[in-house]
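Accompanying notes for the structure given below.
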Amino acid sequence: MNWLYKHRFLLTRRFTQLSIVALYGAANWWGVKFLQGNLSSSLLLEKVPLSDPYAVLQMTAAGAVLGANVLIGATIIALFYAVLGGRAFCSYVCPVNIVTDGANYLRRLLRFDEAERKVWVSRNVRYWILGLSLPLSFVLGVAAFEMISPIGILTRGLIYGIGLGATVVAGVFLFDLFGLKNGFCGHICPVGGFYSLIGRFSIFRVRHDQQKCTLCMKCVNICPEKQVLPMIGKKSGFVVSGECTNCGRCIEVCDDDALNFNLRAFKKSDA
Amino acid sequence: MSSEKVPLSERRKFIIQTLQGVGLAALGAVTWSAYATHAKASPLALRPPGAIREEDFVAKCIKCGLCVEACPFDTLKLAKAEDNVAIGTPFFRPRSIPCYMCKDIPCVPPCPTGALEASLVSRVVENNKKLDINMSKMGAAVIDSDQCIAFWGVQCDACYRACPLLGSAIVIDHSRNDRTGKHAYLVPRVVGDVCTGCGLCEKACVTEKASIFVLPIALAKGKAGKSYIKGWDEADDARLGEKDTKKDMTTKTPQSSKKAVDYLNSGGL
């Protein structure tokens, strides 16, 4: 029971990640039209369009004048993460997260961190790739990141069969396992960068209570984006960085109830 | 000269670090664009009915798979890494599953972006736009007359019988078989302007590898251009008066750029 409680967000995330793919699959395999399409663009209950705002941005840069449905769909998704979820796409929706979390779990289990040579890669690489993807889309006349996106390859793969795309997913797994801790999701992926930017002011946040903190640093050790937790043990307050994925692992590993989800207060005095 | 180094200014450090990023980004951009240019080229891909021009299609398709999901025959697939078609975009291979030409074209209306355009496969009937699958231009069938056994004089009309526009998209031409002296050649001919590219003929073809096969319009068809007018066709003949036919209509090839007299005098003869 305690184990379940200690993994409540992790289990929720695996549940949402797998259910979303399962719903897409059910629509495609058996015609259960609850959620059709895939993460690029979908249709909820045969009515509500939902589209990937970053893909829409790239396609627009590529010169495509898009239909109203896909623009409405992209606005819905962008608003959802901007107002509520922050970067929750990465931890609650994206199936690549399961792959990279798997790599990270093996890393911890096999104590790779203690022996490997450190490779330093800036976490801002994702913003460079994000920035590069738009002019590249313009020049190539095609959504540039969508041509190589492991997220697209894996999501489509789970629904329609993956074929040689499996090598791309294996590449991401091996990169994260042997190459760089949290390498893909935490450094490279421009979708994470995109949601970090638009989710910067979202209201659903982790809050740290410094009074309760015993400085065990379990939260910092488990966090896939450590740079978002500079306040641990120093002062109470919200995790304000857009790079926090709201995965909730810090909350789960904390034995002192010093971290919890809360609605963000924008007034300083309430923090 | 003093051996003491002057510490770099913050501004200079910032510029150096930015340029480092630019340098790495340049390498990344070159690799990325080289791959993407190669990956988006799908010259042989057959697209769903109502697909816009290939260059626009790859820009406008969001790879959601709603057309694939709507296809009741599993004809359409989203391209995988090994398919040599822009990754994630829908296409079909008629030899495995052709397009069965649904009257209601279920694959077109779900497209959220306009990469599949209903107006390209609709005609106006009594002031209403009605979907008409026969207007689709997924490709055009091409016949290899060396390997098609009907051209050997063997009686086969599998493609003709399979064609949903039998008699207009594929017609049978007959001529005397001089080899036997008492039989006829009954050979299929594709009318490319009518052919929808559904590929039912390619699926039906009896030869080991199909001797009639669908290619994208851009590859399958030539273009006569404005210079040639069918004088016996009243509608086409009317073009004679049009502005664009009054321009210089001389055919220009590397050969024709030289005057005939120059050619005679240049000693090439």
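Tell me, which residue of the stretch A:36-47 that is within 11 Å of chain B (Cβ to nearest Cβ) and surrounded by 12 or more Cβ atoms within 10 Å (Cβ to Cβ) is farthest from A:Pro150 (Cα to Cα)?
The extreme case among them is A:Leu43.
I'm checking my understanding of the structure. Among residues of the stretch A:125-148 that are hydroxyl-bearing (Ser, Thr, Tyr) and touching a Pro at 6+ places or on another chain (Cβ under 9 Å), which one is farthest from A:Leu180 (Cα to Cα)?
Only one residue fits best here, namely A:Ser133.
Spot the failing condition for B:Met138; the list is (1) at pLDDT 90 or above; (2) more than 14 Å from the chain's Cα centre (by Cα); (3) in a loop (DSSP other than H, G, I, E, B), and only one is missed.
Only one criterion in (1) at pLDDT 90 or above; (2) more than 14 Å from the chain's Cα centre (by Cα); (3) in a loop (DSSP other than H, G, I, E, B) is unmet by B:Met138, namely (2).
For the stretch B:204-224, enumerate the residues that are within 26 Å of B:Ser122 (Cα to Cα) and not β-branched (Val, Ile, Thr).
Answer for the stretch B:204-224, where residues must be within 26 Å of B:Ser122 (Cα to Cα) and not β-branched (Val, Ile, Thr): B:Phe213, B:Leu215, B:Pro216, B:Ala218, B:Leu219, B:Ala220, B:Lys221, B:Gly222, B:Lys223.
Scanning the stretch A:1-35 for residues that are touching an Asp or Glu at 6+ places or on another chain (Cβ under 8 Å) and hydrophobic (A, V, I, L, M, F, W, C), which turns out surrounded by the fewest Cβ atoms within 10 Å (Cβ to Cβ)?
Residue satisfying both the conditions and the ranking: A:Leu10.
For the stretch A:100-116, which positions are modelled with pLDDT under 85 and not charged (D, E, K, R)?
A:Phe112, A:Ala115
Residue check: is B:Pro48 touching a residue at least 12 places away in the same chain (Cβ under 8 Å), touching a Leu at 6+ places or on another chain (Cβ under 6 Å) and not assigned by TED's automatic domain parsing to the domain that holds B:Phe91?
In short, yes.
Going residue by residue through the stretch A:135-149, is there one that turns out to be more than 8 Å from every other protein chain (Cβ to nearest Cβ), among the aliphatic types (A, V, I, L, M) and in a helix (DSSP H, G or I)?
There is no residue in the stretch A:135-149 that is more than 8 Å from every other protein chain (Cβ to nearest Cβ), among the aliphatic types (A, V, I, L, M) and in a helix (DSSP H, G or I).
Right, A:Thr167: more than 16 Å from the chain's Cα centre (by Cα), in a helix (DSSP H, G or I) and polar (S, T, N, Q) or not?
yes
Against the condition part of a strand (DSSP E or B) and either modelled with pLDDT under 95 or touching a helix residue (DSSP H, G or I) at 6+ places or on another chain (Cβ under 6 Å) (or both), how does A:Leu57 come out, does it pass?
Answer is no for this residue.
Kindly indicate the residue of the stretch B:182-226 that is small (Gly, Ala, Ser) and touching a strand residue (DSSP E or B) at 6+ places or on another chain (Cβ under 7 Å) and also farthest from B:Asp132 (Cα to Cα) among those meeting that condition.
B:Ala184
List the pairs whose first member sits in the stretch A:48-60 and is more than 14 Å from A:Phe80 (Cβ to Cβ) and at the interface with chain B (Cβ under 7 Å from one of its Cβ atoms), whose second member is surrounded by fewer than 23 Cβ atoms within 10 Å (Cβ to Cβ) and of a type in the set (A, V, I, L, M), and whose Cβ atoms are under 8 Å apart, counting only residues at least 6 apart or on separate chains?
From residues that are more than 14 Å from A:Phe80 (Cβ to Cβ) and at the interface with chain B (Cβ under 7 Å from one of its Cβ atoms), the pairs are A:Met59/A:Leu66.
Quick check on my filter: what residues within the stretch A:147-158 are surrounded by 23 or more Cβ atoms within 10 Å (Cβ to Cβ) and modelled with pLDDT under 90?
Within the stretch A:147-158, A:Met147 is the sole residue that qualifies.
Which one of B:Lys40, B:Lys63 is of a type in the set (D, E, K, R) and within 25 Å of B:Asp132 (Cα to Cα)?
Just one listed residue meets the conditions, B:Lys63.
Search the stretch A:107-121 for residues being in a helix (DSSP H, G or I) and loosely packed, with under 14 Cβ neighbours inside 10 Å, and hand back the single one that is farthest from the chain's Cα centre (by Cα).
Per the stated criteria, the residue is A:Glu114.
Please go through the stretch A:173-218 and pick out each residue that is aromatic (Phe, Trp, Tyr) and either touching a strand residue (DSSP E or B) at 6+ places or on another chain (Cβ under 9 Å) or part of a helix (DSSP H, G or I) (or both).
A:Phe173, A:Phe175, A:Phe178, A:Phe184, A:Phe194, A:Tyr195, A:Phe204, listed by residue number.
When you scan the stretch B:6-120 for helices (runs of 4 or more DSSP H) that lie fully inside it, which ones turn up with 3 or more residues that are touching a Cys at 6+ places or on another chain (Cβ under 9 Å)?
The qualifying helices (runs of 4 or more DSSP H) are B:66-70.
Search the stretch B:30-51 for residues being crowded, with 19+ Cβ neighbours inside 10 Å and within 10 Å of chain A (Cβ to nearest Cβ), and hand back the single one that is farthest from B:Cys111 (Cα to Cα).
So, considering only residues that are crowded, with 19+ Cβ neighbours inside 10 Å and within 10 Å of chain A (Cβ to nearest Cβ), the one farthest from B:Cys111 (Cα to Cα) is B:Trp32.
Any residue that is farther than 23 Å from A:Gly37 by Cα, modelled with pLDDT of 90 or more and more than 17 Å from the chain's Cα centre (by Cα) - is there at least one of those in the stretch B:82-101?
Among the residues of the stretch B:82-101, at least one is farther than 23 Å from A:Gly37 by Cα, modelled with pLDDT of 90 or more and more than 17 Å from the chain's Cα centre (by Cα), which makes the answer yes.
Those residues that are of a type in the set (S, T, N, Q) and either in contact with a strand residue (DSSP E or B) (Cβ under 9 Å, 6 or more places away or on another chain) or closer than 30 Å to A:Gly193 by Cβ (or both), I need them from the stretch A:1-52; list them, please.
A:Thr12, A:Thr16, A:Gln17, A:Ser19, A:Asn28, A:Gln36, A:Asn38, A:Ser40, A:Ser41, A:Ser42, A:Ser51
Test each condition in (1) touching a residue at least 40 places away in the same chain (Cβ under 8 Å); (2) hydrophobic (A, V, I, L, M, F, W, C); (3) buried (at least 18 other Cβ atoms within 10 Å of the Cβ); (4) out of contact with any Cys (no Cβ under 9 Å at 6 or more places or on another chain) for A:Trp128 and report the one that comes out false.
That leaves (1) as the condition not met.
Can you work out which of the residues in the stretch B:191-246 that are exposed (fewer than 15 other Cβ atoms within 10 Å of the Cβ) and among the hydroxyl-bearing types (Ser, Thr, Tyr) is modelled with the highest pLDDT?
Selected residue: B:Thr207.
The values are calculated or read from the model by the stated rules, or taken from the named source; none is laboratory data. All figures in this text were calculated on a predicted structure; none of them were measured in a lab. With ideal geometry, Cβ positions are generated from the backbone for all residues, glycine too; neighbour counts draw on all protein chains shown.
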